[in-house]
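Asker: I am attaching a structure below and will ask some questions about it afterwards.
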Amino acid sequence: FPILTSTSFDADGQLIKDGGTGRRLVYLDSAATSQKPTAVTDALAAYYLKYNSNVHRGAHALSREATSLYEQARDKVASFVNAYSRNEVVFTRGATEAINLVAASLSCPSSFGKEQEWMRLEEGDEIIITEAEHHSNIVPWQLAARKTGAILKYVPIRPDGQFDLTAFRDLLSPKTKFVSIQHVSNVMGTINPISSIVELVRTHASPDAKIMLDACQSVPHSIVDVQSLNVDFLAASGHKMCGPTGIGFLWGRESLLNSMAPYMGGGEMIDEVYMTHSTYATSPARFEAGTPPIAQAVGLGSAIDYLNAIGMERIHEYEMELGQYLYRRLRQVPGVAVLGPPVGVERAALCAFVCDGVHPSDLSTFLDGEGVAIRAGHHCCQPLHRALGYSHSARASLYFYNTQEDVDEFIGALENTLKFFRSLEGGADSKDGEE
Ligand code: PMP
């Protein structure tokens, strides 16, 4: 475990190298995707070499073994988020698919499947999200609103990047049927006050209102317990938590999942198929049509074992400290404005920032040349960037395998890059740009 060693390691403590040059790389882009431990790549290889078979359908030993590994992965996810039951965990391609699954299912037309009263959105129902959401927690709700006639409302973000509970309270009414909110912002690192949000929804929204958490940026970094959060659905991506790409999960209360219309049709999700109609399996099979991402689920299970072996509490504590260090150092660089909560407010271990006179893309290109990998763009949060008055930002994001030396290298490279750009302009602007 590389926490106390020097810069810059992947999840196994191996030096991360730039694929092109073979040079050491300071990897500060884990909010986009994490590095993978060999425990995970070994589990993927072992699955394909020893157990490869289709799940659930086969009446032979290999298929039973593959099924057992796949279902064990479900158990691991269920206990990782403290689900009430393993049936509440639906494997998806990622958080995006998990959110789309819920939004699409709730948009099924009222004429669909008249034999059952599906949970669905109706014309005039209100859906509340925030201005700070990732596009994958905005667009599915826009589509749902267009299909059903429901109304999509946005909680405006406070100028200091914090969740506005008063504005949220003002939007809530008995018409509010669904609230979908990120746990942690992938741009500002804001940690949303979920217990207050849940309490307001349970008191002021429709008694049927459901709450979904986009937990993409929290599940990999801290203990996330769906029972104590008291939400109804939660979405996360495996590739941000040391798992493979192509796997994520939806957690949902079992009774809700079983009252929802299917998302995709195909093999495995049915009970009986007739030429005129079909009946559907219960969760999780109900939402896992077709051959699932078996190897990826097994890899995610192995990533969970790996994270548990380190300890999520330990990961969280370490990252909070390193994240504060990153924030402190970045704020001290003249002409840099860090987006999100002010000093003294807890934030996740990532910083999006803008620099006077230097476009974020130019910055990331130059830092790349210095062996530092950061991300530049709108980070799939265009409405948030507009609200903050920027079109793009640069972002450095940490995981447990990053070190203080990584942050120092990044800050050094950033200072050199800014000096270079300012020398072209013929003078530096030395404003302390804290936001
Ligand atoms: N929500 C948030 C907050 C995210 O950070 C991301 C990934 N950047 C997503 C949703 C979407 O995740 P994925 O692309 O893995 O489906």
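Asker: If you take the charge dipole of the chain about its Cα centre, with +1 on Lys and Arg Cβ and -1 on Asp and Glu Cβ, which of SER195, SER85, SER361 is farthest toward its positive end?
Answerer: Going by the Cα projections, it comes out as SER85.
Asker: Could I ask something else about it? Mind grabbing the accessible area of THR282 for me, 1.4 Å probe, Å², rounded to tens?
Answerer: The value for THR282 is about 90 Å².
Asker: Can you count the Lys pairs in the chain with C-alpha separation below 17 Å, eight or more apart or on different chains?
Answerer: So the count works out to 10.
Asker: Moving to a separate point now. Using alpha carbon coordinates only, what is the Rg to Rh ratio of region 276-435, with Rh defined as the Kirkwood radius?
Answerer: Radius of gyration relative to Kirkwood radius: 1.13.
Asker: Please report the antiparallel percentage of the DSSP beta bridges confined to the chain, to the nearest 5.
Answerer: Taking every DSSP beta bridge with both residues in the chain, the antiparallel ones total about 55 percent.
Asker: Of the candidates MET188, MET264, MET241, which one comes out as most mobile in a Gaussian network treatment of the chain with C-alpha springs shorter than 10 Å?
Answerer: MET264
Asker: Once the other residues with Cβ under 12 Å from the Cβ of SER397 are scored (Lys, Arg +1; Asp, Glu -1), what is the net sum?
Answerer: The answer is +1.
Asker: May I pose another question? For every other residue with a beta carbon closer than 14 angstrom to the beta carbon of TYR51, add +1 if it is Lys or Arg and -1 if Asp or Glu, then tell me the sum.
Answerer: Summing Lys/Arg as +1 and Asp/Glu as -1 gives -1.
Asker: Rounding to the nearest 10 and keeping the result within 0 to 90°, find how far the Cα-based axis of helix 139-148 lies from the longest principal axis of the chain.
Answerer: Taking Cα atoms only, the helix is inclined about 40 degrees.
Asker: Run the accessible area of region 230-329 with a 1.4 Å probe and give the carbon-and-sulfur part as a rounded percent.
Answerer: 51 percent
Asker: Out of ALA98, ALA236, ALA145, any idea which swings most in a Gaussian network model of the chain, alpha carbons joined below 10 Å?
Answerer: Among ALA98, ALA236, ALA145, the largest GNM mean-square fluctuation belongs to ALA145.
Asker: Between region 256-327 and region 158-232, what is the separation of their alpha carbon centroids in Å?
Answerer: So the two Cα centres are separated by 21 Å.
Asker: The chain: Rg/Rh from Cα coordinates, Kirkwood Rh?
Answerer: Ratio of gyration radius to Kirkwood radius for the chain: 0.99.
Asker: Right, next: Got a number for carbon plus sulfur as a percent of region 95-152's accessible area, 1.4 Å probe?
Answerer: Ligands and nucleic acids excluded, carbon and sulfur reach 50 percent.
Asker: Charges on Cβ only, +1 for Lys and Arg, -1 for Asp and Glu, centred on the Cα centroid of the chain; of ALA45, THR148, LEU15, which one is farthest towards the dipole's positive end?
Answerer: Comparing the listed Cα positions along the dipole, THR148 ranks first.
Asker: Rank ALA281, TYR325, THR245 by how far each Cα sits towards the positive end of the charge dipole of the chain (+1 on Lys, Arg Cβ; -1 on Asp, Glu Cβ) and give me just the farthest.
Answerer: Final value for the positive-end residue is ALA281.
Asker: Nearest 10 degrees is fine. How inclined is helix 312-331 to the longest principal axis of the chain, computing both from alpha carbons?
Answerer: Once rounded, one gets 40 degrees.
Asker: Now for a separate question. Using 10 Å bins from zero, what percent of all Cα-Cα pairs in region 228-360 falls into each bin?
Answerer: In order of increasing distance, the bins hold 10, 24, 26, 20, 13, 6, 1 percent.
Asker: Send over a whole-number figure in Å² for the accessible area per residue of region 121-200, probe 1.4 Å.
Answerer: I get 38 Å² per residue for region 121-200.
Asker: Turning to a different aspect of this structure: Going from most exposed to least, what order do ARG169, ARG120, ARG347, ARG146 have by accessible area with a 1.4 Å probe?
Answerer: ARG146, ARG169, ARG120, ARG347
Asker: Explain nothing, just the number: relative contact order of the chain, from Cα pairs under 8 Å at least 6 residues apart, as a whole percent.
Answerer: Result for the chain is 23 percent.
Asker: In region 253-341, which trypsin sites (Lys or Arg not before Pro) are in a loop and have at most 16 other Cβ atoms within 10 Å, using DSSP for the loop call?
Answerer: The qualifying sites: there are none.
Asker: Also: Taking the 0 to 90 degree range and rounding to the nearest ten, how far is the long axis of helix 61-80 tilted relative to the main principal axis of the chain, both from C-alpha atoms?
Answerer: Helix 61-80 sits at roughly 60 degrees to that axis.
Asker: Under unit Cβ charges (Lys, Arg +1; Asp, Glu -1), what dipole magnitude, rounded to 20 debye, does region 1-152 have relative to its Cα centre?
Answerer: 660 debye
Asker: Using a Gaussian network model of the chain whose springs link C-alpha atoms within less than 10 Å, name the residue from ALA78, ALA215, ALA61 with the highest mean-square fluctuation.
Answerer: It is ALA61.
The values are calculated or read from the model by the stated rules, or taken from the named source; none is laboratory data. Model, not experiment: these values are computed from the prediction. Positions of Cβ are generated from backbone atoms using ideal geometry, with glycine treated the same way; all protein chains shown enter the neighbour counts. What goes into the accessible areas is simple: the full protein's heavy atoms, side chains included, and nothing from ligands, DNA or RNA. Shrake-Rupley method; radii C 1.70, N 1.55, O 1.52, S 1.80 Å.
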